[in-house]
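To start, the structure itself, in structure tokens.
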Amino acid sequence: MKKAPDPIDRHVGSRVRMQRILMKMSQEKLGEALGLTFQQVQKYEKGTNRIGASRLQQISKTLNVPPSFFFEGAPNAQPASGDGFAEESSSQYVVDFLSTAEGLHLNRAFARIKDPKVRKRVIDLISTLAEQEEVAREPAIGDTADK
């Protein structure tokens, strides 16, 4: 039976991936800098393999971030209340999205827009598109599944 990766290990790995992609560095290049194979970097990024303290220090130097960067927004081991769990999964969704190539590309492009009015219009456009997609997926009134 396979054991699921620890949420902290997944979070740290996703932060490694996010920073590596932001720096436009391949898994292979990061692996070379650390004396590892790209497969080992993949396992770290997925949280399959836990990153030890000394390795995390190496990674932080290679990616030009402090070690604490990898723990920012990490899920709590024990949420204080039921509401904390919902907030945690919501923030994990954002971290997961920002760890993708699409999320990073969108974030980088958006950050280059300096005019606040243009930024607001982009946000409005994306919100409208998302709402239209949700409406399109909702069944019409009177539709039933057993037709």
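What the table below lists for this structure:
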{"quantity": "With all protein chains modelled, accessible area of residue 124 [1.4 Å, Å²]", "calculated": "70"}
{"quantity": "Loop-located trypsin sites (Lys or Arg not before Pro) in segment 8-41, at most 13 other Cβ atoms within 10 Å (DSSP)", "calculated": "24"}
{"quantity": "Computed accessible area, residue 25, all protein chains, 1.4 angstrom probe, square angstrom", "calculated": "40"}
{"quantity": "Dipole magnitude of segment 1-82 about its Cα centre (Cβ charges: Lys, Arg +1; Asp, Glu -1), debye to nearest 20", "calculated": "160"}
{"quantity": "Under 13 Å, Cβ to Cβ, from residue 41 - net charge with Lys/Arg +1 and Asp/Glu -1", "calculated": "+3"}
{"quantity": "Euclidean distance between Cα centres, segment 95-127 to segment 1-77, Å", "calculated": "24"}
{"quantity": "Qualifying GluC sites (Glu not before Pro) for segment 1-77 [loop in DSSP, other Cβ within 10 Å: at most 13]", "calculated": "72"}
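The values are calculated or read from the model by the stated rules, or taken from the named source; none is laboratory data. All values reported here derive from a predicted model rather than from experimental measurement. Please note: Cβ atoms are built from the backbone with ideal geometry, for glycine as well, and neighbour counts cover all protein chains shown. For accessibility, only protein heavy atoms count, side chains too; no ligands or nucleic acids. Shrake-Rupley method; radii C 1.70, N 1.55, O 1.52, S 1.80 Å.
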